[in-house]
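This report refers to the structure that appears directly beneath it.
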Amino acid sequence: MTHTLSETTCLICEQENQPDAVLCGHCSAPMDLVRETIAQQRDARIVSVIGESNVGKTVFLGFLLDMLSQRAGDFEAIPRGPYSVDLQQAVISHMAHRMFPPKTPMEAHEWYWAYYHVRRNRPGAQWVDLVMPDMAGESLAAEVATPETFQIIRNLLYKSRGILLLVDAAVASNGFAQPDFFALKMMSYIDSMYPGRRDKPIDTPMAIVLCKADYCPEAFDDPRQFVEANLNRLWNICESRFSNVEFFAASVVGSIGYATSVDGEHVIPIPLHTALRGVMEPFEWIISQL
Amino acid sequence: MDYQSIVSGSTAAGCGPAECDQAIFTSIRSRVGQGYRLVSASPGLTAEEKREITRRCPSHGNLCADGEEASAVSGYPLPGGRHCVALSRHAGLEHTARGGLRVHTAVVVLDAAGYAAFDCDPLRVQRAVAAFGAEILDNPPPVLPKLRLEAGPQRLQGPSEAAEHALYLLSALLCGRRLVVIGAADGLELARVLIAGLPVCTRRRLAVSIGLKFAPTRQMDLSIVDRDEGETRRLLRGQDIELYDLADPPGRAASAFDPWISFIERMWLRAQHADLQALTRRIDESAGAQTLARITALCAGLERLPRCDLPELTKILQTIGPTTGQTQVERDLAAAVLAAAEERQARLEQAPPRPAPAPMPAAAPAPARSR
């Protein structure tokens, strides 16, 4: 381990807590994270999945973790602690009943956290400890709009060894600029976390994942070209300020139906079946960069 | 004892309408974004205030009750000295329709004088906002006008549930302990009683929520939640926050605030709620244990003076020590004690001397003993 951790020091904000604390009293991150890290005697690497509200972070991460648990992509993955399985269980259970999982609350103590040992099933492959939080999109947006609103987000992003930025390709392909603006703000926020490095681009591995690409299959053919054409602001800041970026397209839902609420005022999307595509690839790339 | 005439000075309480900034925190889809955020605000809100409000407002699934009629109230100080009172309600399905009801929070922000007009009582502000009758809009305008709120009459009544709960909680709040209270039949009523027993300077810095699920990030001093299925207890482990279960309360340990707590209890028993309101409204400089103990001693002296004898009068006057008079309310009470003591002393000195008791009749000689 690169530095000595104590069981009372939060892994995320490094503030001190009482020995029996379940949550960090300062940032609400689970104290089990630091206890697991100490038990494994390995530095845990934080991989953050970020994106706007309703882009599909919970579903993406839930399916990714479930695929890892089932040894997809030649990975072997072991969850540390039952809490690490909560997210994938919630996502799979809801999708099996043709429902999207509930909205992730902004309150940090209600976020899902996954702590996994992961390694490639190859000779000589090393175990990597990954911490992957499922953050609320609104909390990310609030932090980007007014920094230090949610210090836990700043700490998580600063400590992230890899970041998956999910972008709504379906909305972008219809000509709406909102996903591009959010992605630009997000990248700009990450850039601003390193004030002393204005002359050097950020080298943290960034996987730009075009979600809901089943609506725009051309995103699968050439994600780079799709971003350059439909998310040009994002493309430009990636070129200027980030040296280690890769672009991917992903889709989870095979087909979707629509129902209306009892009062007829709301349209409710119904995932009829799942057809995972492109979920492992961004993760494989991030792992290869760690 | 008529404290209302004793404690002098004008207060802002009840002095005309208070002008407030307002804001709405909820989840709607608009041209510039979607999800829970401040969707509307009046221009006077600062960036720091917006940040604090965003941190503390409830998002999806954070009202204690599940139904359409669920509501919650919270009040807390803001950076820069102003105060926020927020009323949260369910408002139909959230636009992504992923289960659960949309939480709509209407926020008002008052400056120090405006909050004092409501006796620094967030529940009085909440009633004024409710009386205003603002409806929940699906698409509120991005800019809201200021509100003018009028403080209505305050219901003056002691605790409806067992008073020992309220006395314990008051003592804990005065000692600066943070509390989560579960099991109250009427959380708003319990909060009303507690706020009424606190000096106004303590109320001013108090962060309180009623009807919101406990969340560490909300940083409340007092959270009154409906019930707990174990999750709240789990979250509180290792935190400097005390869980008070009305169904299984701990015993009250002695504290430096015991004289004040006993005084509150006596005021409740005698239904002297208006006098208590007048007194707590004027304790706006310091509410430390020693200050409250001195105030309690002065009040006790005032109550005993009309019936006391000279030795007791002297003892009462000794309560006005050199440290009394540090706050305005102490000076007012001390002046009242002095005036009442003078009046009592004069009355005692003018009283006709008590007649000497009549001599006892001489005892009959004892009969001689026969040998």
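The values are calculated or read from the model by the stated rules, or taken from the named source; none is laboratory data. Here the structure is a predicted model, which means the values were calculated and not measured. No Cβ is skipped: glycine too gets one built from the backbone with ideal geometry, and neighbour counts run over all protein chains shown.
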Worksheet item: What about B:Ala131, is it crowded, with 19+ Cβ neighbours inside 10 Å and out of contact with any Lys or Arg (no Cβ under 8 Å at 6 or more places or on another chain)?
Response: no
Practice prompt. Run down A:Val59, A:Val118, A:Val34 and say which single residue is buried (at least 18 other Cβ atoms within 10 Å of the Cβ) and touching a Cys at 6+ places or on another chain (Cβ under 7 Å).
Written response: A:Val34
Fill in: Residue ID - modelled with the highest pLDDT, chosen from residues in the range A:103-127 that are of a type in the set (Lys, Arg) and in a strand (DSSP E or B)
A:Arg119
Fill in: Residue that is within 8 Å of chain B (Cβ to nearest Cβ) and either closer than 19 Å to B:Gly99 by Cα or among the aliphatic types (A, V, I, L, M) (or both), where the choices are A:Met95, A:Met135, A:Met99
A:Met99
Practice prompt. Go through the range A:9-26 residue by residue and tally those that are buried (at least 23 other Cβ atoms within 10 Å of the Cβ) and under 19 Å from the mean Cα position of the chain (by Cα).
Written response: 2
Discussion item. I need the full set of residues from the range A:264-274 which are outside any strand (DSSP E or B) and either away from chain B (no Cβ under 13 Å) or surrounded by 13 or more Cβ atoms within 10 Å (Cβ to Cβ) (or both), in order please.
Written reply: A:His266
Item to complete: Can you give me the number of residues within the range B:42-74 that are more than 10 Å from chain A (Cβ to nearest Cβ), touching a residue at least 40 places away in the same chain (Cβ under 8 Å) and either in a loop (DSSP other than H, G, I, E, B) or of a type outside the set (A, V, I, L, M, F, W, C) (or both)?
Response: 11
Discussion item. From the list A:Val47, A:Val91, exactly one residue is at pLDDT 95 or above, outside any helix (DSSP H, G or I) and surrounded by 22 or more Cβ atoms within 10 Å (Cβ to Cβ). Which is it?
Written reply: A:Val47
Worksheet item: Any idea how many residues of the range A:221-251 are under 25 Å from A:Leu272 (Cβ atoms), within 20 Å of the chain's Cα centre (by Cα) and not in a strand (DSSP E or B)?
Response: 1
Worksheet item: So which of B:Ser59, B:Ser74, B:Ser88 is among the polar types (S, T, N, Q), over 22 Å from the mean Cα position of the chain (by Cα), under 22 Å from B:Asp228 (Cα atoms) and at pLDDT 95 or above?
Response: B:Ser59
Worksheet item: For the subset of the range A:138-159 comprising residues that are within 13 Å of chain B (Cβ to nearest Cβ), among the aliphatic types (A, V, I, L, M) and out of contact with any Phe, Trp or Tyr (no Cβ under 6 Å at 6 or more places or on another chain), which member is nearest to B:Gln34 (Cα to Cα)?
Response: A:Ala141
Fill in: In the range B:92-118, the residues that are surrounded by fewer than 19 Cβ atoms within 10 Å (Cβ to Cβ) and more than 14 Å from chain A (Cβ to nearest Cβ)
B:Asp111, B:Ala112, B:Ala113
Practice prompt. Within the range A:202-220, count every residue that is farther than 25 Å from A:Ser53 by Cα and either of a type in the set (Ser, Thr, Tyr) or assigned to a helix (DSSP H, G or I) (or both).
Written response: 0
Response to the item:
A careful count of residues in the range B:253-272 that are at pLDDT below 90 and surrounded by 15 or more Cβ atoms within 10 Å (Cβ to Cβ) gives 1
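Rundown of residues vs (1) modelled with pLDDT of 95 or more; (2) outside any loop (DSSP other than H, G, I, E, B); (3) touching a strand residue (DSSP E or B) at 6+ places or on another chain (Cβ under 9 Å); (4) over 23 Å from A:Ile12 (Cβ atoms), yes/no style:
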position: A:Asp129; (1), (2), (3), (4): no, yes, yes, no
position: A:Pro133; (1), (2), (3), (4): yes, yes, yes, no
position: A:Arg161; (1), (2), (3), (4): yes, yes, yes, no
position: A:Val167; (1), (2), (3), (4): yes, yes, yes, yes
position: A:Met187; (1), (2), (3), (4): yes, yes, yes, no
position: A:Lys200; (1), (2), (3), (4): no, no, no, yes
Worksheet item: Which one of these is surrounded by fewer than 23 Cβ atoms within 10 Å (Cβ to Cβ) and touching a residue at least 24 places away in the same chain (Cβ under 8 Å): A:Ser255, A:Ser261, A:Ser188?
Response: A:Ser188
Worksheet entry | Qualifying position, being part of a loop (DSSP other than H, G, I, E, B) and on the phi < 0 side of the Ramachandran plot, among B:Pro259, B:Pro249 | B:Pro249
Worksheet item: Which of the residues that make up the range A:275-284 are farther than 16 Å from A:Ala169 by Cβ and buried (at least 18 other Cβ atoms within 10 Å of the Cβ)?
Response: A:Met280, A:Phe283
Discussion item. Can you tell me how many residues within the range A:12-68 are within 14 Å of chain B (Cβ to nearest Cβ), among the polar types (S, T, N, Q) and in contact (Cβ under 8 Å) with a residue 40 or more places away in the chain?
Written reply: 4
